[in-house]
1. Of 124, 98, 72, which is farthest towards the positive pole of segment 44-188's charge dipole, taken about the Cα centre with +1 and -1 on the beta-carbons of Lys, Arg and Asp, Glu respectively?
2. State the antiparallel share, in %, of DSSP beta bridges confined to the chain, rounding to the nearest 5.
3. Classify segment 56-168: rounded, prolate or oblate, from the alpha-carbon gyration tensor (a ≥ b ≥ c, eigenvalue square roots; a/c under 1.5 rounded; otherwise prolate if a/b is larger than b/c)?
4. Name the most mobile residue of 178, 118, 54, meaning the one with the largest mean-square fluctuation, in a Gaussian network model of the chain with Cα contacts below 10 Å.
5. Please identify every one of the chymotrypsin sites (Phe, Trp or Tyr not before Pro) in segment 1-89 that sits in a loop by DSSP and has no more than 15 other beta carbons within 10 Å of its own beta carbon.
6. If you average the C-alpha positions of segment 11-72 and of segment 216-231 separately, how far apart do those two centres end up, in angstrom?
7. Would you work out the relative contact order for segment 2-244, in percent, from Cα pairs under 8 angstrom that are 6 or more residues apart?
8. Are there trypsin sites (Lys or Arg not before Pro) in segment 72-114 that DSSP puts in a loop and that have at most 15 other Cβ atoms within 10 Å, and which ones?
Amino acid sequence: MRIAVAGATGRIGQLTMSALQGAGHQTVPISRRAGVDLYTGDGLPGALRGADAVVDATNTPSADRARIVDFFGTATRNLLAAEAAEGVRHHVLLSIVGLDHDTRAPHYAGKREQERLVTSSSVPWSIVRATQFHDFAAMVAGWTEHDGIATIAPLLVQPIALADVAGVLAEVAVGAPVNGILNIAGPETQDLVDMARRTFAARGQDITLVPTWRGVFGPDMAGEVLLPDETARLTSGTFSAWLADGAR
C-alpha cells in the first residue's frame, strides 16, 4: 500500500513511517521539509496522488488556545479536502484519550476540532486516541522550571511508549476504516509527580517538584479523566523500561 504520513518529521511520524516501511509498504512524507505545507495546502495534491491512506500525526508547539485550534482546524480541512479530491480511502487521526471530558487544556480544544472535522468528512476514517507519552511528566515540569524548581499537577496517567503508538497507527492504516475510535494505553497507571521525579533522576537532573493544581492542568483533570476505559487496547512498553533505557 501507499500511505502518506502527515507530521512525518515528528517523533510519532518518523516511527510510523519506519513501521510501515518495515511491513513492506510505500510511505510518502507530508512535511515542510518534504515540500508540503499543511497549513497553506501547498504541495498536498501531489503528495497524496495515488495514496491509499493518510496517517495524521501532526502537532504544534503553540500553547495559545486560539492558535492551536486554528492550526489543527486549517491543516485538517486542507488535508481532508485534498484526500477527497485524490480519492484517498482512509484517514487515520492520532488523538488523545479523555478528549470527551470538558477540560481547559488548550491542546485538547485543537484535537476536538480535528476530530469534529474528520468525523464529518466524506473520507472514511479511523481515530486512534492514545494516552500520554513516557516523557510527558518531565515535559510538563519543564514548562514551569525556574532555578531548579518546577510545579506540576498530580495527574493520574497511563503512559504509552512512542513505538507502540506508531505500531498501532501503522496497523490501523493498512486495515479497513472503522469510522470509529480506538483507545490505546500503556500497561500501568502512574502518578505524574512521581513520573517526573523518576525521569529527572534517570537523567541526572536535580529539580525540586511542587505539586499543585494552580497551573496548566487544574482540578478538572483530576481523578480518572486521563485514564483509558475498559475498552482500551493496552500495549506492552512500560515506563520503567523507558527509564532504564535512558529516559529519552
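Bear in mind that the values in this text are calculations on the coordinates, not laboratory data. Keep in mind it's a predicted model, so treat the numbers as computed, not measured. Note that we place each Cβ from the backbone using ideal geometry, even for glycine, and neighbour counts take in every protein chain shown.
1. Selected residue: 124.
2. Antiparallel: roughly 10 percent of the beta bridges in the chain.
3. prolate
4. Most flexible of the set in this elastic network: 178.
5. Sites meeting the loop and neighbour criteria: 39.
6. Answer, in whole Å: 28.
7. Normalised by residue count, the contact order of segment 2-244 is 20 percent.
8. Taking segment 72-114 and a limit of 15 other Cβ atoms within 10 Å, the loop trypsin sites (Lys or Arg not before Pro) found are 89, 104.
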